[in-house]
1. Going residue by residue through the stretch 73-86, is there one that turns out to be within 19 Å of Arg167 (Cβ to Cβ) and either part of a loop (DSSP other than H, G, I, E, B) or touching a helix residue (DSSP H, G or I) at 6+ places or on another chain (Cβ under 8 Å) (or both)?
2. Within the stretch 48-82, count every residue that is in contact with a Pro (Cβ under 8 Å, 6 or more places away or on another chain) and modelled with pLDDT under 95.
3. Somewhere in the stretch 97-115, is a residue among the basic types (Lys, Arg) and touching a residue at least 12 places away in the same chain (Cβ under 8 Å)?
4. For the stretch 132-160, name all the residues that are among the hydrophobic types (A, V, I, L, M, F, W, C), assigned to a loop (DSSP other than H, G, I, E, B) and surrounded by fewer than 13 Cβ atoms within 10 Å (Cβ to Cβ).
5. For residues that are acidic (Asp, Glu) and in a strand (DSSP E or B), scanning just the stretch 96-115, find the one that is modelled with the highest pLDDT.
6. Filter the stretch 177-188 down to the residues that are surrounded by fewer than 14 Cβ atoms within 10 Å (Cβ to Cβ), hydrophobic (A, V, I, L, M, F, W, C) and either part of a helix (DSSP H, G or I) or in contact (Cβ under 8 Å) with a residue 24 or more places away in the chain (or both) and list them by number.
7. Could you list, in sequence order, the residues of the stretch 93-131 that are surrounded by 19 or more Cβ atoms within 10 Å (Cβ to Cβ) and more than 21 Å from Thr58 (Cα to Cα)?
8. Can you tell me which residue in the stretch 189-204 is nearest to Ser114 (Cα to Cα), limited to those that are at pLDDT 95 or above and part of a strand (DSSP E or B)?
Amino acid sequence: MVDADRRLPAPPPGGAPPARRPRRVALALCCAVALACLVAGCTNDVKLRKAELQQLATLIPGRYDNREQAGAAPEAGADAALELNIVPIYAPFLSDHVFYVQENAFGDPRRVLSQRLFVFDVSGDAAILQRVLGFAEPNRWRDGHLNTDLFKGLMTQDVGVAAGACRLEWTLGAEAFTGKAASPGTCIGASRAELTGRGLTFAEPELRFIRRR
């Protein structure tokens, strides 16, 4: 029989022996610090992406055309040249960064080929994402780049996601912004894009637009 004077002290009613409590407290503190660092890191990444998106939003508006590309492929004919106009519009129900994009035949603004909205956001996991939206009544917004006040009447029911359009994730590199679709083979339209101070390029099919203003 163990001598009563040598018995170990019984654990306190509330839980672990006193020797183990500092370890548990230290472990809890470490977990809390790690979580705080993780949250701080994510917050910093989101702030960085938002700053980069602001740069992109400043750079992308303009008037572009691909006449050089069309001229280098005479078999495509003169009608292959395109003009692209991109202007920011106010549509806070979509995002803080929304752009009206109108494409027409170069030199013939009456031949409108497409009208879209480019909508940019920073996701919760700190990525710059671009959606492409279409219009329920395109003619209502025709030539909106010449009169952006037209979009003050834009409402949710006026727009919708362009069927199958690629959703691009944009990143800032040393010399350009680059956009890529996560699954290029499963979407319609440009699955890659590149934006610089000189121009805007879409891939698949490749269209190289040079900035004119």
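The values are calculated or read from the model by the stated rules, or taken from the named source; none is laboratory data. Values in this document were obtained by computation on a predicted structure and should not be read as measured data. For neighbour counting, all protein chains shown are included, and Cβ atoms are generated from backbone atoms with ideal geometry for every residue, glycine included.
1. Step one: list which residues in the stretch 73-86 are within 19 Å of Arg167 (Cβ to Cβ), which gives 86.
Keeping just the survivors that are either part of a loop (DSSP other than H, G, I, E, B) or touching a helix residue (DSSP H, G or I) at 6+ places or on another chain (Cβ under 8 Å) (or both) gives 86.
Scanning the stretch 73-86 turns up at least one residue that is within 19 Å of Arg167 (Cβ to Cβ) and either part of a loop (DSSP other than H, G, I, E, B) or touching a helix residue (DSSP H, G or I) at 6+ places or on another chain (Cβ under 8 Å) (or both).
2. If we filter the stretch 48-82 for residues that are in contact with a Pro (Cβ under 8 Å, 6 or more places away or on another chain), which is where we start, we get 57, 61.
Keeping just the survivors that are modelled with pLDDT under 95 gives none.
Number of matching residues: 0.
3. Within the stretch 97-115, the first condition is being among the basic types (Lys, Arg), and the residues that meet it are 110-111.
This time we only want the ones that are touching a residue at least 12 places away in the same chain (Cβ under 8 Å), so: none.
Within the stretch 97-115 (the criterion being among the basic types (Lys, Arg) and touching a residue at least 12 places away in the same chain (Cβ under 8 Å)), the answer is no, since none of the residues qualifies.
4. Within the stretch 132-160, the subset among the hydrophobic types (A, V, I, L, M, F, W, C) is 132-133, 135-136, 141, 146, 150-151, 154-155, 159.
In the following step, the residues that additionally are assigned to a loop (DSSP other than H, G, I, E, B) were identified as 136, 154-155.
Ala136, Met155 - these are the residues of the stretch 132-160 that are among the hydrophobic types (A, V, I, L, M, F, W, C), assigned to a loop (DSSP other than H, G, I, E, B) and surrounded by fewer than 13 Cβ atoms within 10 Å (Cβ to Cβ).
5. Step one: of the stretch 96-115, the residues acidic (Asp, Glu) are 96, 103, 108.
Keeping just the survivors that are in a strand (DSSP E or B) gives 103, 108.
Working: Glu103: 98, Asp108: 95.
If we take residues in the stretch 96-115 being acidic (Asp, Glu) and in a strand (DSSP E or B), then Glu103 is modelled with the highest pLDDT.
6. Correct list: Ile188 only.
7. Asn104
8. Phe202
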